Amino acid sequence: MVTSEYWVLTMSFHLILFLAFGAVCVAGAINLLAQRHPINSALSLIAVMAALAGEYLLLGAEFVAAVQVIVYAGAIMVLFVFIIMLLNAGEEEGTKGSRIALLLGVPGMLTASVLVAWVVLRHSGTESVEIGALPGAPKDIAQLLFHDFLLPFEVTSVLILIAIMGAVVLASKPEASPGRVD
Amino acid sequence: MVASYVPLSYYLLLSGFLFACGVVGFLIKRNIITIFMSIELMLNGVNLSFVAFAAHWHALAGQVFVFFVMVVAAAEAAVGLAIIIAVYRTRETLNVDQVNLLKL
Amino acid sequence: MTSSLNLWLIPVLPLAGAAINGFLGKRSSRRAVSTVGLFFAGAAFAWALAVAARVSFPHQPEFVAHWIRSGSFTVDFTLYLDQLSLVMLLVVTGVGFLIHVYSVGYMWDDPSYYRFFAYLNLFMFFMLTLVLAGNYLLMFIGWEGVGLASYLLIGFWFTKDSAASAGKKAFIVNRIGDFGFLIALFLLIKHFGSLNFDQVFQSIAPMQPETVGAGLLTTIGILLMVGACGKSAQIPLYIWLPDAMEGPTPVSALIHAATMVTAGVYMVSRSHVIFERAPSALMVVAIIGTLTAFFAATIGIAQTDIKKVLAYSTVSQLGYMFMACGVGAFSAGIFHLMTHAFFKGLLFLAAGSVIHAVGGEQDMRKMGGLRKKIPWTFWTMTAGTLAIAGIPGLAGFFSKDEILWRAYQASWAYWLVGLVTAFITSFYMFRLWFMTFFGEYRGDAEKTHASASHGAHGSDAHDAHGGHGHGGVHESPRVMLIPLVILAILSVIGGYVGIPGSLGGNNRFDKFLGPVFHASTPADAENAAMGEKGVSEHTTEGPEPETAASTELMFTAISVLAALLGFGLAWLLYYRSPQLPARIAASLAGAYQTVVHKYYVDEFYAALFVKPLIDGSTRILWQGVDRNIIDATVNNAGDAAAHVSDEARHMQSGNIRSYAGWIAVGSAVVIAFMIWMWTQAR
């Protein structure tokens, strides 16, 4: 049960960092929704991912944080940005429907989220996470990955192979004469 | 260092908020790339939730799962963007409302 | 006890004839068809005679085949021969055979010659099944079968609307009676567990007569009577018989005079064990019979169609038979049945001969003076008329007198009505006789004879001589006359088997049927131990009561007087002063019109039953239920499906964001449900 004493007593380093990174996440997420040009959305998403990496570090998952930055923010989002550039995506126009949705949706979402947050906080138990709780070194993860989760690991490699082939086929320019099997 | 604790529910709230934003963006946005990005946002929210629970229970498997989620997200992003390129070629638009030939 | 007499042959032989003629007759010559038909009918008669010669009573029921074995309820194809069924057997096969012979001549020019004989033989099969049946269910099969044959034969010229309607009317009215019969059968099954005559009657025999009021046996008796009313054309279900005259005249003779309509009387007599223990039911039978006899006779005096007069006469005479059964004089009823078969069959055949002679005319007002022109027909018809009127010495006299005498002993009311009816019977029969054979010829035979093939009077426009050249009134061929003569002889001498004691005979007929009717009267069962001869005056059959012969002779004289009065009145009105009837009719206009229109009974039934049924069926069942409920349900179900899918297809809009919306909503619902389940589990 969250009480005011709990608040004051445990105002700690962990919490401050958590709140900081959390604020960045929230801001980035909201900005993603608010921006009209996709490139702005992409950039705010990168910010969110970076902040999430910080959260992972707080929890002690170093490897995951690193992979987050390298793969997610560094590769996937770069791909997104490239596509935005390639396709010359422009700003979205606001239609009448979207304006109404905005007018109604924003306050609605706000109230809904406050409500949910309040309920969750009231009913949460005393579970807590300590800073750096996880043993997140690559060595530990590798132990699991290559022993217990070996099969899924190999399957994902096949998955990536298929994804590559699919992406290449789908994105390639169609031949001049249709119907010719390549 | 003094061991300091943050309630698990805070992490879960944050994760839920990110997920919700992803859903809202998926429903609201008309640009297909932005929709895709909302999906990625959703996945990130879920990842946070996984790691938080893994930390709470001191179970490493959570992180491994995050690893797999990322791999799948990467594959999905690659293929999905390729599809977007293919659709853009034929329909000349990124507005999702105009890709509506599959209707009754 | 004799060994098996192969009784089954008697019904099966005509069935074989029906099958052969039915399937092969279309492509056979008329000679072949008539040979087949006559042979099988004659064979049945011959075998019946052989059986009569060889049988010794009591005769064991003959088992032919298994039928129903259901738990403890069994019904088999069993044939039963006692004195009663022997009498019926001989009457049916004998008169039936004679009518087959007659039909060879009568129907010679009909294009569906083979079909007629097939149906006629089929009728014989069913009637013989009915008569020989050893249980109620087999009898019911025969009952229904003769109804079917009657329908087929009434509507023989089915291209005529009136004939087809008459056939339908007969069948449907019969079915109403059959409904009562069926309920009676169900009651028998429920309470006695069997339908075999032996078993049922043995179970009932020890029961005491029911007191007034509704008991089981009374109910069964009344229901059986309902069935008999339908089949034997009593009030209120007689309406089909006059219409049945649309059929060919041999059909009217065989089915609607001699045999089928008597099935009801036979059935009531067969069930005498039940009726003797249900005095109320017996009274119902007597009252219906008496009323019908009188009622039908009054209608007969105003009819102008010769066959209709005979039809109403049949209804009236059947009423006599039921009156006899109703006062417990079952053997008298059967005696009258036998004599009636002779003289009514004769009258119908002779009427057919007359109609044939005048080229298809059936209206008596257009006949007259035929005495010298068709002498054979005249003399045979005279014999029949005298018999039915009850002139002493002929068959009808003895049987009718015995009924009246026994009726008097039950109640003077029955006797009085019966006497008046006898007077009316004599009157209308002699009226027919005078109008047809005496006076001046009022028709135009030359004209109608030449155009005989499509007579506007429908049924009887057939020239039995094919290309017979001469016009004018002419006698029938020999093949038609011989049965007439034989029946005339039987009408004269047929009564001598039943001369009552008061006139010096010993009533052999009654004694012959004695073992059937006297063996199990309640009084007998009660008094057997005391050795007393059971005599009960009102409701049980006993041997002829030992009252003064002189009283009986007096009553006989009274009924003869009534018959002669009828003759006298007819002579006066239709011979001496033929202008009188018209004047009387004019002065009694209202009453006369009512009688001529048969008391408007048909119209009454139409308004009371038929029209509401048809209206109800049209408006409620057809338009209401069938169209608006059933069809509407089906159509609306289809429409609803179409509408629903029309609305639902908007979900498939091709719009990705709406899809996404639906997914979100759906998943939210599922998640909410899961959370709810989780809270429940906690």
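The values are calculated or read from the model by the stated rules, or taken from the named source; none is laboratory data. Being a predicted model, the structure only gives us computed values, none of them experimental. Backbone-built Cβ (ideal geometry, glycine too); neighbour counts: all protein chains shown.
Every test in (1) modelled with pLDDT of 90 or more; (2) under 25 Å from the mean Cα position of the chain (by Cα) is passed by C:Phe23 save one, and that test is (2). Of all the residues in the stretch A:121-145, those that are at the interface with chain B (Cβ under 7 Å from one of its Cβ atoms), assigned to a helix (DSSP H, G or I) and at pLDDT below 80 number 0.
For the stretch A:87-120, residues that are loosely packed, with under 13 Cβ neighbours inside 10 Å, at the interface with another protein chain (Cβ under 9 Å from one of its Cβ atoms) and part of a helix (DSSP H, G or I) total 1. Per the listing A:Phe63, A:Phe82, the residue uniquely exposed (fewer than 14 other Cβ atoms within 10 Å of the Cβ), within 10 Å of chain B (Cβ to nearest Cβ) and modelled with pLDDT of 80 or more is A:Phe82. A:Ala29 satisfies every condition listed in (1) within 20 Å of B:Leu8 (Cβ to Cβ); (2) facing chain B (nearest Cβ under 8 Å) except (1).
Only one of the listed residues (A:Leu43, A:Leu58) is more than 7 Å from chain B (Cβ to nearest Cβ) and touching a residue at least 40 places away in the same chain (Cβ under 8 Å). That residue is A:Leu58. Evaluating C:Ala563 against the criteria (1) part of a helix (DSSP H, G or I); (2) of a type outside the set (S, T, N, Q); (3) touching a residue at least 60 places away in the same chain (Cβ under 8 Å); (4) out of contact with any helix residue (DSSP H, G or I) (no Cβ under 7 Å at 6 or more places or on another chain) leaves one unmet condition, (4).
In the stretch C:167-185 there is no residue that is surrounded by fewer than 18 Cβ atoms within 10 Å (Cβ to Cβ) and acidic (Asp, Glu). Can you confirm whether B:Val23 is more than 9 Å from chain A (Cβ to nearest Cβ), buried (at least 19 other Cβ atoms within 10 Å of the Cβ) and of a type outside the set (Ser, Thr, Tyr)? The answer is yes for B:Val23.
Would you say B:Leu14 is within 7 Å of chain A (Cβ to nearest Cβ), farther than 24 Å from A:Pro152 by Cα and touching a helix residue (DSSP H, G or I) at 6+ places or on another chain (Cβ under 6 Å)? Here the answer is yes, as B:Leu14 does meet what is asked. Taking each residue of the stretch C:590-619 that is in contact (Cβ under 8 Å) with a residue 24 or more places away in the chain and looking for partners that are of a type in the set (Ser, Thr, Tyr) with beta-carbon atoms closer than 8 Å, six or more apart or interchain, yields C:Val595/C:Thr298. Total residues in the stretch C:576-622 satisfying the condition of being of a type in the set (Ser, Thr, Tyr), more than 27 Å from the chain's Cα centre (by Cα) and surrounded by 11 or more Cβ atoms within 10 Å (Cβ to Cβ): the figure is 4. Meeting the requirement of 3 or more residues that are within 17 Å of C:Ile239 (Cα to Cα), the helices (runs of 4 or more DSSP H) wholly within the stretch C:282-392 are C:306-326.
In the set C:Val33, C:Val75, C:Val64, C:Val51, only one residue is closer than 23 Å to C:Gly142 by Cα and in a helix (DSSP H, G or I); that residue is C:Val51. Answer with yes or no whether C:Ser203 is outside any helix (DSSP H, G or I) and either of a type in the set (D, E, K, R) or within 22 Å of C:Thr78 (Cβ to Cβ) (or both). For C:Ser203, the condition - outside any helix (DSSP H, G or I) and either of a type in the set (D, E, K, R) or within 22 Å of C:Thr78 (Cβ to Cβ) (or both) - is not met. Evaluate the following for C:Trp157: is it surrounded by 24 or more Cβ atoms within 10 Å (Cβ to Cβ), at pLDDT below 95 and not β-branched (Val, Ile, Thr)? Here the answer is no, as C:Trp157 does not meet what is asked.
Scanning the stretch C:623-662 for residues that are at positive phi and within 52 Å of the chain's Cα centre (by Cα) yields a total of 0. Only one of B:Ile33, B:Ile83, B:Ile39 is surrounded by fewer than 19 Cβ atoms within 10 Å (Cβ to Cβ), at the interface with chain A (Cβ under 7 Å from one of its Cβ atoms) and at pLDDT 90 or above; which? On inspection, the qualifying residue turns out to be B:Ile83.
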